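The values are calculated or read from the model by the stated rules, or taken from the named source; none is laboratory data. Computed from a predicted model, the values in this text were never measured in an experiment. Heads up, the Cβs are rebuilt from the backbone with ideal geometry, glycines too, and the neighbour counts pull from every protein chain shown.
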Amino acid sequence: MATEKPCPLASFLHQRMQAGNISSTPLVFTFFCDVVTQHGGEIWLGSIVHALAPLGINERLTRTAVFRLVQDGWLESRKQGRRSYYRLTPTGQHYYQRAADRIYSSEDPAWDGVWTLLFVSLVADEKRDALHRGLSWLGYGRMAAAVYALPRHDRAPLMELLADLGLKDSVVQMQAQAEGIETLQALVMSRWKLEKLRRRYKEFTELYSIAQKALSGERSPTAHSIFLLRTLLVHEYRRILLNDPELPAAMLPADWEGDAARSLAGKIYRQTAALTTKWASQEMCNADGKMTGSITSLKNRFPMTQAETDSYKASTGSFK
């Protein structure tokens, strides 16, 4: 008797976990940021185990990942009876919100030609890794050993990051404009490894185009599999985007692959949002019972661009 082949989406998820170098600890953090924040902010440990088990992340790996996130200050826990419940710490919440503003955006930030420069030579060695990670999540690129640059001026999230790290008095900030965009572009290309980013975006688009086709294939995937697709989609997109300085279009190569990757991520996310929100509300628990969530909370994530809206209207005959 022939063995029934697994659903194409389930096969895709298995292959990504095998080939994607996906560690359980950062994946659990993505799960908290993308899902738990939209369902009350707190979750029972058993629900995390249940949600991620089909990816091969068993109870032991889940407990280890959660323990590490608590030790590193990203999560905090409380006990009620025999159950443990977890949520993001204030620091974790701040990092999530700063990253979310970039991850779920559908368009490039506006640019008026101004650069923000940060000089970090006064920062103590033991805080440099945390500062580097935080600045990367905000879109800063390293121009030299102790110099970071961002192609815009966005003061509020930067000051929040420096306050979280206790570095307000250790970082010098300046605003500047460059003369000669070609020379600056050459410098940026050499310092920020855009060719590597291009390859990663291209690979992401090729892989998740396969997942998109699996969503509408002849064999319908389970709601749980679609939920896991959303989680992996955000996780893998986040890993690339948060290493991308999101340079102005004038400084990027033609046909920049990041645009196609962002468009695809948005389409899949919007396609799966309603069903995955329903699944999470029914299958996961917090101290009050089921973790209720609403699709309304996701409407600001990956909003359709004007071009996508116009294309959708044209394809559906809707011009209202």
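For segment 37-52, the set of residues classified as modelled with pLDDT of 95 or more and part of a helix (DSSP H, G or I) consists of 45, 46, 47, 48, 49, 50, 51, 52, listed by residue number.
For the structure I just gave you, tell me whether residue 113 is surrounded by fewer than 17 Cβ atoms within 10 Å (Cβ to Cβ), modelled with pLDDT of 95 or more and not hydrophobic (A, V, I, L, M, F, W, C).
Spelling it out, it is not the case that residue 113 is surrounded by fewer than 17 Cβ atoms within 10 Å (Cβ to Cβ), modelled with pLDDT of 95 or more and not hydrophobic (A, V, I, L, M, F, W, C).
For segment 214-235, indicate whether the set of residues that are assigned to a helix (DSSP H, G or I), of a type outside the set (Val, Ile, Thr) and free of Cβ contacts under 8 Å to residues at least 24 places away in the same chain is non-empty. No: zero hits. Considering (1) over 30 Å from residue 278 (Cβ atoms); (2) surrounded by 14 or more Cβ atoms within 10 Å (Cβ to Cβ); (3) not hydroxyl-bearing (Ser, Thr, Tyr), the lone condition that residue 195 does not fulfil carries the number (2).
Of everything in segment 237-257 that is within 17 Å of the chain's Cα centre (by Cα), of a type in the set (D, E, K, R) and assigned to a loop (DSSP other than H, G, I, E, B), the residue that is surrounded by the fewest Cβ atoms within 10 Å (Cβ to Cβ) is 246. Return yes or no: is residue 188 outside any strand (DSSP E or B) and under 20 Å from the mean Cα position of the chain (by Cα)? So residue 188 does not fit the description; no.
Within segment 164-186, the set of residues being surrounded by 14 or more Cβ atoms within 10 Å (Cβ to Cβ) and among the β-branched types (Val, Ile, Thr) comprises just one member, 171.
Filtered by the rule that a residue be at positive phi and among the polar types (S, T, N, Q), segment 5-45 gives a lone residue, 21.
Which one is surrounded by the fewest Cβ atoms within 10 Å (Cβ to Cβ), of the residues in segment 136-159 that are of a type outside the set (Phe, Trp, Tyr) and touching a helix residue (DSSP H, G or I) at 6+ places or on another chain (Cβ under 6 Å)? Only one residue fits best here, namely 143. If I filter segment 218-231 for residues that are of a type in the set (Ser, Thr, Tyr) and touching a Gly at 6+ places or on another chain (Cβ under 7 Å), do I get at least one hit? Scanning segment 218-231, I find no residue that is of a type in the set (Ser, Thr, Tyr) and touching a Gly at 6+ places or on another chain (Cβ under 7 Å), so the answer is no. In the condition set (1) among the small types (Gly, Ala, Ser); (2) over 30 Å from residue 7 (Cβ atoms); (3) in a helix (DSSP H, G or I), residue 178 is compliant with all but (3).
Among the residues of segment 258-276, those that are surrounded by fewer than 19 Cβ atoms within 10 Å (Cβ to Cβ) and farther than 24 Å from residue 296 by Cα comprise 259, 260.
A quick yes/no check of all residues on (1) loosely packed, with under 13 Cβ neighbours inside 10 Å; (2) within 27 Å of residue 234 (Cβ to Cβ); (3) modelled with pLDDT of 90 or more; (4) not assigned by TED's automatic domain parsing to the domain that holds residue 299:
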residue: 74; (1), (2), (3), (4): no, yes, yes, no
residue: 103; (1), (2), (3), (4): no, yes, yes, no
residue: 118; (1), (2), (3), (4): no, no, yes, yes
residue: 126; (1), (2), (3), (4): yes, no, yes, yes
residue: 162; (1), (2), (3), (4): no, yes, yes, yes
